[in-house]
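Asker: Have a look at this one.
Only the coordinates and a few stated rules stand behind these numbers; no lab work does. What you see is a predicted model; the values in this text were computed from it and never measured. FYI the Cβ positions are ideal-geometry reconstructions off the backbone, even for glycines, and counts take in every protein chain you see.
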């Protein structure tokens, strides 16, 4: 009797082991094929200023609704769509969501029965976590055309964190939690692509190309489909601006029903603290930040900065020009103490500069 | 009992843990480590002599042949230094290259004659699928001074990818896209599957505005494409890629797949002579469907120049299949060299060091030394089928011939001899079919006579050149004779039936390109035993349809193998099949 149970359990154990092994050894071909059928290649305007004329989108309805990134390609009058099987259509923009940085398109013809990602309540599950293993699908570099499949890449979630765009360093079109990824997925044309589990379940939308100018490094991120961020829209009754929360899922869900109320891009003010440094005239584009004058009693005066100092680094980041200095300083709020390295004569000096609230101006 | 329960519990615990993480993952990891250990010794760190530049390669045979990129050996010149993972440095020499496909074959010299090298097995890249795992090995940034390769692991992001050439060269057709990290210095190195088989040669990436380092998008040349060129590479050729000689356009309708149409076609192309014309719709090439520009470029780019492949096209409601001889890509350049179009790079160095004695420069070849070696090997093996030295007298044979177009079946006699006129000799070939004789002096006749018998395209002179090869070997073709690498030949059905599937008739053959007098001949030898299985004879012009003769039904006659069936084709038409009853081969 006991032996029987033992053998039975042994059998189950072996089976579980075998399944585990299969999972570890399997390629992701099956998931890849399944996801690819739900994705489209987009072609439109671009090709200038380093902006690609192509992109990636996800089918979100059987009738040809497409979710993609809210970028310049959408300004094309007839966006060309290539389906996984090589069929080609034109598509129109139905609605844009500037805060989530996504938009919903619709194929301009009557189509039906298209394989698609489902955006219903079931999609509202827990977000992926740091260390999770993911797949990325996109038509980066316009490698595929017609019926050729998307590129698939694998990666891991490095961390889930707030993407804070910083002026002069990088301007993020989205502000909220993102998946930061270890593989290079944010290539030209990849934005709007899919991040999925290794079974092909949708986790996020691949973000745009972003470069951190401080460390000359490209950032790879995706917007989690269920993460809610604040959006600003007009209250229908009062006409006043109100703040509400939406995620990619709620956007798609409502937009497919035709009742997503448009939002406006929230203006985010610069928060840079006051320092009291007056630099030389910014005569050429690469004028270095030489101090012309220090306002007496200002934080800079307290820190001991002097005219003719040449500012080299702020918090360890190089500030070779006045423009970069200004943009760098915008991210340090009043009350923050920043380290400034400067050249005075032939010597390098380090000073601590405590930023203050801007002095009240008298009209 | 207690022990049983506790062991049971631990078993269940172990099993559930296993499912969540460890044993399976551990197993696949240890398998991977074992595969890497196994293939590591085959990876070659390639350096230019004197240190400037280099890349990676992979050994594919125990006698030291290794694959790499053309763009790796172009700057090193014909000799290079090659480090293996055990830390030993070998001398290497260029063997052959394919500039358009960015592939080169090199040979490492053993320290001692007969020493064997470790090598990797070539896999089947046709089985690679998007989503498969892959392992790249190489020497990124040339950082391993002890030659130990760097290993990177990742996914196959796509297959059958097309990446356009940089100018004329380095066109990646039907290549494998990977997210496996490859960087400068990885060039020429192997891409392995998880069995440790070489499925590609890593060579380039997509960068756009990024620095020229890994961007998550790298490309490997598929090993199946390289296999098509392997015969050419071993023969030391400067192998050219194929083109159809036609421009195409893909029309796309909303519903259904694209239609690939011919927009213009070169009149000197074989495709045009085979009947292909403007507005025809190509729908398959060498057995693969063509529905987009990329498909078309992918599939044409797989083949070397001069190969014959089946092509299916549609004109109106007619669907036709033809066997097309492919043109080259570098043709124009060979005709009118344009220094501006040459690939950029440092000037090619001459051969240096101990490997220099294995290098011989010649136009049209990457290294003529290896062509002579291959030709000698081929001719030695060919001679084993029958040594006809001293048999330069009158040859005659007889039997029956079926003329397909005339629908007749008649007896024939043939005679090939050198007639003595005073002190000089005059060759003479006679063929009598039924009651109608044809006779020709192959060295002294006008083209119309040389085409005899009518409809054969030149079977009479072909018989003369065939005997010339048997008697004299390659030495008999003094004006030109080189090993032409490997080409497919499509053996006609022996029962003279119509071919339904050309691909099924394909036999791989070693090629000898030979010229004597006005005759430009291509001999085909079976790759397996070097029997002569076919020949194509052209009169003067390279751009004309040849007389094709297919030899089969070999039987021993006086200790020598002779074909007892000769099938003659000209311009897509099966002229006739000669079934030989008996031979008489006389000595001088």
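Asker: How far is it, in nm, from the label point at residue B:573 to the one at residue B:279 when both lie 7 Å from their Cα along the line to the Cβ?
Answerer: 2.7 nm
Asker: Could I have the simple spin-label model distance between residue B:402 and residue A:94, label points 7 Å from Cα toward Cβ, reported in nm to one decimal?
Answerer: The answer from the label model is 6.7 nm.
Asker: Given R₀ = 35 Å, what would the calculated FRET efficiency be for residue A:159 paired with residue A:233, taking r from the Cβ atoms and rounding to 0.05?
Answerer: Details: r = 31 Å, r/R0 = 0.88.
The formula returns an efficiency of 0.70 here.
Asker: Return B:168, B:512, A:310 ranked ascending by Cβ neighbour count within 10 Å, so the fewest neighbours appear first.
Answerer: Sorted ascending by nearby Cβ count, the order is A:310, B:168, B:512.
Asker: Taking R0 as 60 Å, what's the FRET efficiency between residue B:496 and residue B:38 from their Cβ-Cβ distance, rounded to 0.05?
Answerer: 0.75
Asker: Here's another thing I want to ask about it. How far apart, in nm, are the 7 Å Cα→Cβ label points at residue A:126 and residue B:63?
Answerer: With each label point 7 Å from Cα toward Cβ, the separation is 6.2 nm.
Asker: Now for a separate question. Angle, helix B:2-20 long axis vs. longest principal axis of chain B, Cα atoms, 0 to 90°, nearest 10?
Answerer: Its long axis makes an angle of about 60 degrees.
Asker: Over the residues of the range B:472-588, compute the C-alpha Rg and express it relative to 2.2 N^0.38 Å. Show your work: numbers first, answer last.
Answerer: Details: Rg = 14.7 Å, N = 117, 2.2 N^0.38 = 13.4 Å.
That ratio works out to 1.10.
Asker: A further question follows. Cα axis of helix A:2-25 to longest principal axis of chain A: angle in degrees, 0 to 90, nearest 10?
Answerer: That works out to roughly 60 degrees.
Asker: Mind grabbing the base-10 log of I(q)/I(0) for chain B at q = 0.05, 0.13 Å⁻¹? Debye formula, identical points on the C-alpha positions, no solvent, two decimal places.
Answerer: -0.27, -1.33
Asker: Report, as an integer, the average count of C-beta atoms from other chains found within 10 Å of each Cβ along B:35-46.
Answerer: Across B:35-46, the average partner-chain Cβ count within 10 Å equals 0.
Asker: Using the alpha-carbon atoms, what tilt in degrees (0 to 90, nearest 10) does helix B:223-234 show relative to the longest principal axis of chain B?
Answerer: That works out to roughly 50 degrees.
Asker: Count, for each residue of A:28-34, the Cβ atoms from other chains sitting within 10 Å of its Cβ, then give me the mean as a whole number.
Answerer: 4
Asker: Further question: Measure out, as a whole number of angstrom, how far apart the alpha-carbon centroids of the range B:146-214 and the range A:332-349 sit.
Answerer: Here the answer is 46 Å between Cα centres.
Asker: Using 0.36 nm per residue of separation minus the Cα-Cα distance, give me the extension gain between residue A:337 and residue A:29 in nm, one decimal.
Answerer: Answer, rounded to one decimal: 105.7 nm.
Asker: A follow-up question, please. Assuming R0 = 60 Å, what is the FRET efficiency of residue B:448 and residue B:166, from their Cβ-Cβ distance, to the nearest 0.05? If you can, show how the numbers build up before the last one.
Answerer: On the way: r = 48 Å, r/R0 = 0.80.
Computed FRET efficiency for residue B:448 and residue B:166 comes out at 0.80.
Asker: Shape call for the range B:395-585 from the C-alpha gyration tensor, a ≥ b ≥ c root eigenvalues: rounded (a/c under 1.5), prolate (a/b greater than b/c) or oblate? Provide the component values of the computation, followed by the final result.
Answerer: Working: a/c = 1.34, a/b = 1.10, b/c = 1.22.
In terms of gyration-tensor shape, rounded.
Asker: Helix-derived [θ] at 222 nm for the protein assembly as shown: sum -39500 (n - 2.57) over DSSP H runs of at least 4, divide by residue count, nearest 500?
Answerer: Computed ellipticity for the protein assembly as shown at 222 nm equals -5000 deg cm²/dmol.
Asker: Still on this structure, I have one more. Determine, for B:415, A:97, B:360, B:37, the number of other Cβ atoms within 10 Å of each Cβ, and report the residues in order from fewest to most.
Answerer: Details: B:415 18, A:97 23, B:360 15, B:37 10.
In order of increasing Cβ crowding within 10 Å: B:37, B:360, B:415, A:97.
Asker: Let me ask you something else. Kirkwood hydrodynamic radius for the protein assembly as shown: how many Å is it when counted over pairs of different Cα atoms?
Answerer: Mean inverse Cα-Cα distance, inverted, gives 33.0 Å.
Asker: Taking each residue in B:151-157, count the Cβ atoms of any other chain within 10 Å of its Cβ, then average. What number comes out?
Answerer: Counting Cβ atoms of other protein chains within 10 Å of each residue's Cβ and averaging gives 5.
Asker: Answer rounded, prolate or oblate for the range A:176-257, using the Cα gyration tensor with square roots of eigenvalues a ≥ b ≥ c: rounded when a/c is under 1.5, else prolate when a/b is larger than b/c, else oblate.
Answerer: Oblate.
Asker: For a quick check: sort B:133, B:97 by the number of other beta carbons within 10 angstrom, fewest at the front. Let's see the in-between values first.
Answerer: Working: B:133 20, B:97 27.
Listing B:133, B:97 from fewest to most nearby Cβ atoms yields B:133, B:97.
Asker: Would you mind putting A:147-159, A:248-260, B:64-76, B:516-528 in packing order, based on average other-beta-carbon counts within 10 Å, highest first?
Answerer: Final packing ranking: B:64-76, A:147-159, B:516-528, A:248-260.
Asker: Sort out for me the Cα centre separation of the range B:422-454 from the range A:171-246, rounded to whole Å.
Answerer: Spelled out, the Cα-based centre of one part sits 82 Å from the other.
Asker: Have a look at A:286, A:175, A:138 and tell me which one the Gaussian network model of chain A (Cα, springs below 10 Å) gives the largest fluctuation.
Answerer: Its mean-square fluctuation being the largest, the pick is A:286.
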